[in-house]
Amino acid sequence: MPVDMSVPLGAATLPSPMMTASGCAANGRELARFFDIRELGAFVTKSVMADPRSGRGTPRMAETPSGMLNSIGLQGPGISAFVDQDLAWLKQAGARTLVSIAGNTSGEFADVAATLRASDAFDAVVGVEVNISCPNVANRGLVFACDPMASAKVVALVREQLPRDVPIFAKLTPDVTDIVSVAQACVKAGADGLTMINTLLGMVIDTDRLRPQVAGVTGGLSGPAVRPVAVRAIWQTRAAMLEGRLPTVPIIGVGGVRTGRDALELVAAGASAVQVGTATFNDPSAPVRVGRELAGLLEDKGFERFTDAVGVAHGRVARA
Amino acid sequence: MSEASTRHTRVEGSGVVQVTGELIATRRAGAYHHLTFVAPGLAELARPGQFVALAVGGDTSANLLRRCFSIHKVSPSGTYGGTVDVVISAVGAGTEWLSTLRAHDEVDIVGPLGRPFPLPSEPVACVLVGGGYGSAPLFWLAGALRERGCHVEMVLGAATESKLFGVVEARRFADGVTVTTDDGSAGNKGWVSDVLPMVIRRTGAAVVYGCGPMGMLRSITDIATAEGAVAQVAVEESMACGVGVCMTCVMPVAGKDGTTRMVRSCVEGPVFRGDRVRWDAFSDGLCRVPADAVGAPRVGGH
Ligand SMILES: Cc1cc2nc3c(=O)[nH]c(=O)nc-3n(C[C@H](O)[C@H](O)[C@H](O)COP(=O)(O)OP(=O)(O)OC[C@H]3O[C@@H](n4cnc5c(N)ncnc54)[C@H](O)[C@@H]3O)c2cc1C
Ligand code: FES
């Protein structure tokens, strides 16, 4: 019997747990050339800020073992052009959209959320992902997500701007000593769920020129190489929820998923939805292919519902 | 809409396919490898100047990013069904892997991608300039131009004779061919830029098409502009996906409105009007964001 892949997320029930990952899928038109984007549980857009941004110069990337380093610099059209052009397109295409927003200051996040809320295409939005893994201009460029207080402030301000039935997800960085404390702060401030993980900060040296390979010097590391870090972060956070250290909220898992088997790892660790990021560069149809592979695996293992597999590994820790 | 099989995607009307391509021929061509793949559905969609993005290393490869190659030629139907040819210079992990493939090996191919060379509406004279394997897409272009009644001349240049591609083919596809090598091992000793002004003047060319390294494309643009011709150049920026989703392949290009934007060379290119490219932003293997580009970092900002 086919597995019921549907999953509740906020007020909506998504027909599938599969999503694109922000910054790995542009804003819809490009991947619609390869698959029907309505097959996804949600399409996650590239993080958008208040104003248009050129992003950084090039080179912007370096290939690394089973992954890549990127330093794009949040290139984007700004929220007004985004809602008029990209979100409007996603709406007419029938895509359930999870809009990723970013800001240089906590106030900018709130402004972006307010413009989104006021837009004609807002009914295509099934949730907002708050990309707090960007530098806080007000705090010497320290990444918001590295600081529980700064993270909480952003989440609280965004929460105020959006209707209650539109869930917000805080996207966390693994580059912290204790990811659970950041998760706690975000949920307490009003996050309805968490997305984990963002890229890890990394660096590559061009050994011909003996200088940093990407123009931005450091960059975000992603791809299958970082998957164990994602599994660990999801596991720790889910475990904290099971122990009652923070309320149980859905976790959207992301990090190095290339196959259905990879997705199942994140799900078994506690993810209620799975985003496919860097693997899309290898295979533009990966987000839906992984979903089909995951459904097949769950069926083979005798699951009737996807949701029964979420966090299943927590009850099965081998005790020596 | 999209078909169910894992690695064969075709959305009607999208202009692009993702197929598992079987290699049916591989041969050396000087310093390069010339590969022919069966790629059903791709040939019918492709135009000169477009490219394909190949996955390298198989399904579990640690080299995740796609490698992009100009389409050398396509045949919509033959004994094997549609085929696509590429010419590969083995310079790194992915191209080395491709160059060791043997007949019947399979490669995941996405294409055709990017914008083709625009063709003139009048039968004007054209000069096609290729640097190294950069000549690969030009023969097909030459054929399309001559079909429209254009007089076509080719200028092929490389560091040395083994790095020229298609000199024999050029004589068949063009009305005149000039060859240059840096070391003088074939043709004129020197650069394509040494002979280009003379060829443009002699033919009265209205369009100069170029494909090759960035430095060469810049000088082609300068020369064409000085001679009153339009340059159309196919760039080769570092690309991770080839399909417009990674934002790594950007470069500063001025639009019709004169405004410079950081545009994706995989979707808005790889062919650009040479005089729209902000060559001033490129130096020393880096490309800066020009201060007047849309959304450029402000002093003290990001
Ligand atoms: C539109 C276009 C057309 C091209 N046509 C040809 C062609 O006809 N024949 C040919 O031999 N080469 C061509 N190239 C260059 C070719 O894509 C690179 O040489 C190749 O990607 C290098 O891969 P690698 O694994 O050997 O090197 P690596 O250095 O290991 O590659 C690492 C990563 O960098 C990217 N990369 C590195 N160099 C380039 C480059 N010059 N251009 C784009 N991406 C790069 C690769 O895609 C990969 O993601 C073309 C590039 C583009 C963008
Ligand atoms: S190569 Fe990915 S956007 Fe152009």
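Pairing residues of segment B:233-244 that are touching a residue at least 24 places away in the same chain (Cβ under 8 Å) with residues that are assigned to a loop (DSSP other than H, G, I, E, B) and within 6 Å of ligand 2 (Cβ to nearest atom), at Cβ distances under 6 Å and at least 6 apart in sequence or on separate chains, gives B:E237/B:C249; B:M239/B:C249; B:M239/B:C266; B:A240/B:C246; B:A240/B:T248; B:G242/B:C266. Would you check if B:G228 is assigned to a loop (DSSP other than H, G, I, E, B), within 16 Å of ligand 1 (Cβ to nearest atom) and without any contact (Cβ under 8 Å) to a residue 40 or more places away in the chain? No; evaluated as a whole, the condition is false for this residue. Figure legend. Inter-residue proximity from segment A:64-75: first residues more than 7 Å from every other protein chain (Cβ to nearest Cβ) and open to solvent by 10 Å² or more (accessible area, probe 1.4 Å), second residues modelled with pLDDT of 95 or more and assigned to a strand (DSSP E or B), beta-carbon distance below 7 Å, spacing 6+ or different chains. Indicated pairs: A:T64/A:L221; A:L74/A:R53. Pull up segment B:270-302, narrow it to residues that are in contact with a Gly (Cβ under 6 Å, 6 or more places away or on another chain) and away from chain A (no Cβ under 13 Å), then point me to the one that is surrounded by the most Cβ atoms within 10 Å (Cβ to Cβ). So the residue we want is B:P270. Scanning segment A:32-58 for residues that are in contact with a Cys (Cβ under 8 Å, 6 or more places away or on another chain) and under 30 Å from B:A93 (Cβ atoms) gives A:G57, A:T58. Filtered by the rule that a residue be within 14 Å of chain A (Cβ to nearest Cβ) and among the basic types (K, R), segment B:45-74 gives B:R66, B:R67. Only residues that are out of contact with any Pro (no Cβ under 6 Å at 6 or more places or on another chain) and more than 8 Å from ligand 1 (Cβ to nearest atom) were counted across segment B:80-97, and they come to 4. Restricting attention to segment A:27-55, the residues that are crowded, with 24+ Cβ neighbours inside 10 Å and within 14 Å of ligand 2 (Cβ to nearest atom) add up to 4.
Looking at segment B:75-83, can you tell me whether even one residue there is touching a residue at least 12 places away in the same chain (Cβ under 8 Å) and within 24 Å of B:R264 (Cβ to Cβ)? The answer is no; no qualifying residue exists. Scanning segment A:71-123 for residues that are of a type in the set (K, R) and part of a helix (DSSP H, G or I) returns A:K91, A:R117. When segment B:225-269 is filtered for residues that are among the hydroxyl-bearing types (S, T, Y), touching a Lys or Arg at 6+ places or on another chain (Cβ under 7 Å) and surrounded by 24 or more Cβ atoms within 10 Å (Cβ to Cβ), only B:T248 remains.
For the structure I just gave you, tell me whether A:A318 is open to solvent by 20 Å² or more (accessible area, probe 1.4 Å) and in a loop (DSSP other than H, G, I, E, B). It is true that A:A318 is open to solvent by 20 Å² or more (accessible area, probe 1.4 Å) and in a loop (DSSP other than H, G, I, E, B). Consider segment B:111-169 and keep the residues that are touching a residue at least 60 places away in the same chain (Cβ under 8 Å), within 17 Å of B:G274 (Cβ to Cβ) and surrounded by fewer than 24 Cβ atoms within 10 Å (Cβ to Cβ). The one that is farthest from ligand 2 (Cβ to nearest atom) is B:V124.
If the condition is being closer than 15 Å to B:Q18 by Cα, in contact with a helix residue (DSSP H, G or I) (Cβ under 6 Å, 6 or more places away or on another chain) and either away from ligand 2 (no atom under 16 Å from the Cβ) or not assigned by TED's automatic domain parsing to the domain that holds B:I24 (or both), then segment B:57-109 contributes only B:G82.
Of the residues making up segment A:254-266, one or more are away from every other protein chain (no Cβ under 14 Å) and part of a strand (DSSP E or B).
The values are calculated or read from the model by the stated rules, or taken from the named source; none is laboratory data. Predicted, not measured: the structure shown is a model, and the values here were computed from it. Neighbour counts run over all protein chains shown; Cβ positions are idealised from the backbone, glycine included. Heads up: the accessible areas ignore ligands, DNA and RNA and are worked out on the full protein's heavy atoms, side chains in. Shrake-Rupley method; radii C 1.70, N 1.55, O 1.52, S 1.80 Å.
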